[in-house]
Amino acid sequence: MKLSVRSAAVRVLLAAAFAGAVFAATSSAASSVDSAAAKLVPAKIKSKGTVVVAADASYAPNEFLASDGHTVVGMDADLANALFPILGLKAKVVNATFDTIIPNLGTKFDVGMSSFTDTKAREKTVNFVDYFEAGTSFFAKSSGGPKVTNLASICGLTVSVESGTTEETDAKGQSAKCTKAGKKAVNVLTFQTQSNANLALSSGRAQVSMADSPVAAYQVKQSHGAFKLVGQSYGVAPYGIAVPKADGTLDQAILAALKDLIKSGKYASILGKWGIQSGADTKPALNGATS
């Protein structure tokens, strides 16, 4: 991004980080333990007392780094800090590259809260506690950007995406459809973080970028006019908290705690704080993928 955009974003992130830290502290202190839900926590997790929650902190407003460069803040961090005390546990939210989270669940990390779209393919590896709904959106430079209306319209364009995301899968899948139809392929640029995918767009390496709808909208807002949303969002699907299948009833414990969080109003408060209440899922479930 240009310096003026980056400086403005930093000021916003500083304010958000401070608010997130205050919210996390007050939420943890105010949470009461649900004894029935806590009984569902596996002994190996309960004995540690702390759940290591992995998040790729490049996906604002869902997860990103505070001004100190290492504290993870955002919607998922706030939810984790409010959720696990209900189970008598502390949450330690750590930054990790997105495509390394699921492979390291059960070893390096206990759960993943990183805007994971719950898909049938991912359900083969982990269980999901669904807690939010989001689609995919396109965004481009406000001036001189390509005309994008839907996924089929990105044939021949250079598109930046984060590695391991549904956006990468969709863009590459669309590229195959483009060439099959006799059109130019999609030049898909993949990056380890969404931040780098955004940078590719602002620097002109990419013509359009794709991200989950709340993330794309937030990035456009923080660009102060440099970016704009283009085309129509598509593919609304649930986000899920990723839990190792080997951890027995941990997913059920998290689901029970999430229902408590929704009933208390804290869930709505967290989403409202980040301006993403339109994605609220007030009827959370396990493994609710549709595709």
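The values are calculated or read from the model by the stated rules, or taken from the named source; none is laboratory data. Remember, predicted model here, so these are calculated numbers, not experimental data. Positions of Cβ are backbone-derived with ideal geometry, glycine not excepted, and every protein chain shown enters the neighbour counts.
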- Within the range 135-148, track down each residue that is surrounded by fewer than 16 Cβ atoms within 10 Å (Cβ to Cβ) and over 27 Å from Q277 (Cβ atoms). S143, G144, K147
- Flagged pairs (Cβ under 6 angstrom, 6 or more apart or on separate chains; first in the range 132-158, in the same structural domain as F116 (by TED's automatic domain parsing) and in a helix (DSSP H, G or I); second modelled with pLDDT of 95 or more and surrounded by fewer than 18 Cβ atoms within 10 Å (Cβ to Cβ)) are none
- Note on the structure: Residue pairs within 6 Å by beta carbon, gap of at least six or interchain, first lying in the range 217-228 and within 22 Å of G279 (Cα to Cα), second assigned to a loop (DSSP other than H, G, I, E, B), listed first then second, are Y218/A60; Y218/P61; K228/S142
- Item | Positions within the range 169-180 being without any contact (Cβ under 8 Å) to a residue 12 or more places away in the chain and aliphatic (A, V, I, L, M), in sequence order | A176
